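Reading through the structure tokens given below for one structure.
The values are calculated or read from the model by the stated rules, or taken from the named source; none is laboratory data. Everything numeric in this text was worked out from a predicted model, so none of it was measured. Note that we place each Cβ from the backbone using ideal geometry, even for glycine, and neighbour counts take in every protein chain shown. When the accessible area is computed, the model is the full protein with side chains, heavy atoms only, and any ligands, DNA or RNA have been set aside. Shrake-Rupley method; radii C 1.70, N 1.55, O 1.52, S 1.80 Å.
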Amino acid sequence: MTRHEAEEVGRIAEMIRDGQNGLLVPDGELGEMTAAMARLVRDPALRQRLGDAADLMADRLDPAQIMAEWDRLIDGAAPRRGYARRAASTASS
């Protein structure tokens, strides 16, 4: 993905960190895209590191993980404010 595409899509540029969990190149720069791809072909450790980091980012962005984090946040705040979160079974009644 190019830097321009990442910026155009919105928050993608915040999720893809060049050299950490992906490689970004300037839009329209075929030479830089080719160089980035060649770098990945030549460097299996880089491919593994970027792939592992991308997997971690995908796990963090999983909707179930995000909802679980919100539940922990709400559950942690609720007792301090005198509220109790309703159980899912109560909400469906």
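For the structure I just gave you, tell me whether Pro79 is of a type outside the set (Gly, Ala, Ser) and either open to solvent by 90 Å² or more (accessible area, probe 1.4 Å) or at pLDDT below 85 (or both).
Details: of a type outside the set (Gly, Ala, Ser): yes; either open to solvent by 90 Å² or more (accessible area, probe 1.4 Å) or at pLDDT below 85 (or both): yes.
Judged against the criteria, Pro79 is a match.
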Which listed residue, of Arg60, Arg42, is closer than 30 Å to Asp18 by Cα, of a type in the set (Lys, Arg) and modelled with pLDDT of 85 or more: Arg42
Those residues that are closer than 21 Å to Met15 by Cβ and either β-branched (Val, Ile, Thr) or open to solvent by less than 90 Å² (accessible area, probe 1.4 Å) (or both), I need them from the range 64-76; list them, please. Ala64, Gln65, Ile66, Ala68, Glu69
Condition first: under 22 Å from Met15 (Cβ atoms), open to solvent by 70 Å² or more (accessible area, probe 1.4 Å) and not aliphatic (A, V, I, L, M). Now tell me which residues in the range 29-53 satisfy that. Glu29, Glu32, Arg39, Arg47, Gln48, Arg49, Asp52
